[in-house]
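Engineer: There's a structure below that I have some questions on.
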Amino acid sequence: MLSPSARFSALALLAIVAPAAIVAVIGYVSIRQWESSSELLYREQARDMATMAAEKVEMTLRRAEDGFLDRLQAVLRTEASPGRAVDALLAESPLVRRLYLVGRRGELVYPRAWRDGDAAVFGPLVTEREQAKLERSGRRVVIQEDQISLALLTQKNGEPVLAAFARDAETLRREILETALGTLESPTILAVLDRDGRTVYSRAPIGNAPSLLSVQFRDVLPDWRLAVYQTPGASPRQAVRRQAMFFTAALGVLVAVIVAGIVATWRLMRRETEMARLKSDFVANVSHDLKTPLSVIRMFGETLEMGRVTDEARRQEYYRVITREGERLTRLIDNVLDFSRIEGGRQTYETAPTPIEPLVRGTLEAFAYPLAQQGFKVEVSVAPDLPDVALDADAVGQALANLIDNAIKYSADERLLAVDVRVADERLVIAVTDRGLGIAPEEQARIFEKFYRVGRSDTQGRRGSGVGLALVRHIAEAHGGDVTVESAPGRGSRFALRLPLERS
Ligand code: ADP
């Protein structure tokens, strides 16, 4: 059968461990789901972002080029020989490089001649056939390989003219890509790659950031791609892991705190149960302790009262028994009263310089009868020339009496009581030695606790209240000293009351 406190702890642990385990399992499963769905969501968002960014780039580029073409068209409509005006327009359009205007029959309208190797590059694009194709399909196209833009315009004389130009790479990067992408809010790294996969522009250093996806630009930047890279440490998986770790740690701390609380409560309950048990034992023990001398006194008193004892010597003996038992009763009651005063914080001690030898011998005197009757060999050794010591004589006498009482009570076959009084290490040491039952080492620290008594089998049924040694220790400490014990089961014990000679 489990004790109430053990039952409480088992239940409490179960009440914590079971829900914690369920929370952990649910947490694990939902984190896995969370991980995969957030990964999916992250990719979708990245794709949306990439499409939007690509559209923005194309729109910016188209707007810039259309703006240039509109202005060029305006020039061509007004100027019969537009050379100078086109020069001026080009000077303020850094995006446009290598502009050629070619007439219907392939004649060069602007500039006067092909530059460098441009005839080879532009030549095949501006043939009559190509122009006719363009007339059918629309106003502008971008030729993939060299990113050359073609647009069909009209001259002042109403004749169509083909404008062909290339883009300036640096201006494209700085004015189009950076303007379009630089201001986009995105947790990822956006980059523009050319048809060979070279990075033309990237918003942040790519380093070895993992590539997420890429989308193709449409007609304005054919074959180029907008790529999305993952910012290091910002993947949803990592974010979820971090959250999961945080939650796990928080859950762990919570469980640890709760378990610590349960353990503390369990300890408290155990101590309280033990205290309650000790207290109820104490009441039973004290009652029994009081009853024994009382019944002896009553019995001897009644016998004397009835006048049945005629022998004077026996009568004297009966009187002595009554006196001794009365003294024992007083001692017991004093112990309990002093103990309750100590517990209530009301006990005070009055110290006065006290000669030690009379105090020791006087206290022993009270035990002369039981010692003689039980056949004790008494050895008293008091060092000569002991100084007077400032102490509360009643309290120290009571402490010594408790030690002597115990030595008698817990005696065994060899009945010896040795009281040794001397000065050692600046302290007065009053030692009481017996050859009695002795005390097991693990009990030696506890016997000075209030109500504590060694198990009945070890004390062979001897009765006591369990406050005697608690009182001795209190008295010793109140005098600035202490009480020690040396003992071995079956060999006997030596209790030493050590009091400072001078109170500091
Ligand atoms: P009690 O009223 O039980 O004697 P004490 O506080 O005086 O209470 O002692 C506490 C316990 O210490 C006792 O129950 C006993 O087991 C043990 N004890 C005390 N003195 C001795 C001794 N001289 N020899 C053996 N055991 C002792």
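Engineer: Filter the trypsin sites (Lys or Arg not before Pro) in the stretch 294-367 to those in DSSP coil with at most 10 other Cβ atoms within 10 Å of their Cβ, and list the result.
Structural biologist: ARG308, ARG346
Engineer: What whole number of Å gives the distance from the Cα centroid of the stretch 180-251 to the Cα centroid of the stretch 19-42?
Structural biologist: 25
Engineer: Using unit Cβ charges (K, R positive; D, E negative) and no other charged atoms, how large, in debye to the nearest 20, is the dipole of the chain about its Cα centre?
Structural biologist: Using only the charged Cβ atoms, the result is roughly 1700 debye.
Engineer: For the chain, what is the mean residue ellipticity at 222 nm derived from helices alone (per DSSP H run of n ≥ 4: -39500 (n - 2.57); sum divided by total residues; nearest 500 deg cm²/dmol)?
Structural biologist: -17500 deg cm²/dmol
Engineer: Out of all DSSP beta bridges with both ends in the chain, state the antiparallel percent to the nearest 5.
Structural biologist: Among the beta bridges of the chain, antiparallel pairing accounts for roughly 90 percent.
Engineer: Also: So what is the diffusion coefficient of the chain in µm² per second by Stokes-Einstein at 20 °C and 1.002 mPa s, using a Kirkwood Rh over Cα pairs?
Structural biologist: In µm²/s, the coefficient rounds to 63.
Engineer: Net charge within 10 Å of LEU181 by Cβ-Cβ distance, Lys/Arg positive one each and Asp/Glu negative one each, not counting LEU181 itself?
Structural biologist: +1
Engineer: Calculate how steeply helix 393-409 sits against the longest principal axis of the alpha-carbon atoms of the chain, using the helix alpha-carbon long axis, and give the answer as 0 to 90 degrees to the nearest 10.
Structural biologist: The angle comes out near 80 degrees.
Engineer: Mean 1/r over all different Cα pairs, inverted: what Kirkwood radius does the stretch 235-343 give, in Å?
Structural biologist: 19.9
Engineer: Looking at the stretch 353-437 only, what percent of DSSP beta bridges run antiparallel? Nearest 5 please.
Structural biologist: Taking every DSSP beta bridge within the stretch 353-437, about 60 percent pair in antiparallel fashion.
Engineer: Below 10 angstrom from the Cβ of ASP482, what's the summed charge of the other residues (Lys, Arg +1; Asp, Glu -1)?
Structural biologist: +2
Engineer: Which net charge results when you count Lys and Arg as +1 and Asp and Glu as -1 among the other residues whose beta-carbon is under 12 Å from that of ALA431?
Structural biologist: After counting each charged neighbour, the total is 0.
Engineer: While we're here: Do any GluC sites (Glu not before Pro) in the stretch 384-482 lie in a loop, going by DSSP, with at most 15 other beta-carbon atoms within 10 Å of their beta carbon, and if so which?
Structural biologist: Passing sites in the stretch 384-482 are GLU414, GLU426, GLU449.
Engineer: OK, next. Per 5 Å bin from zero, what fraction in whole % of the C-alpha pairs of the stretch 352-500 is there, up to the bin with the longest pair?
Structural biologist: In whole percents, the pair-distance histogram is 2, 10, 20, 24, 21, 15, 7, 2, 0.
Engineer: Compute the normalised compactness of the stretch 282-409: alpha-carbon radius of gyration over 2.2 N^0.38 Å, N being the residue count.
Structural biologist: Against the empirical 2.2 N^0.38 Å value, I get 1.25 for the stretch 282-409.
Engineer: Simple spin-label model, 7 Å along Cα-to-Cβ: ALA88 to SER381 in nm?
Structural biologist: About 13.1 nm separates the two model spin labels.
Engineer: Which part of the stretch 471-504 falls in the paramagnetic zone of GLU426, meaning amide N under 12 Å from the point 7 Å along Cα-to-beta-carbon?
Structural biologist: 500-504
Any read-out appearing in this document is the output of simple, stated calculations on the displayed coordinates, not a laboratory observation. Just so it is clear, the model here is predicted, and its values are computed rather than measured. Cβ: placed from backbone, ideal geometry, glycine included. Neighbour counts: every protein chain shown.
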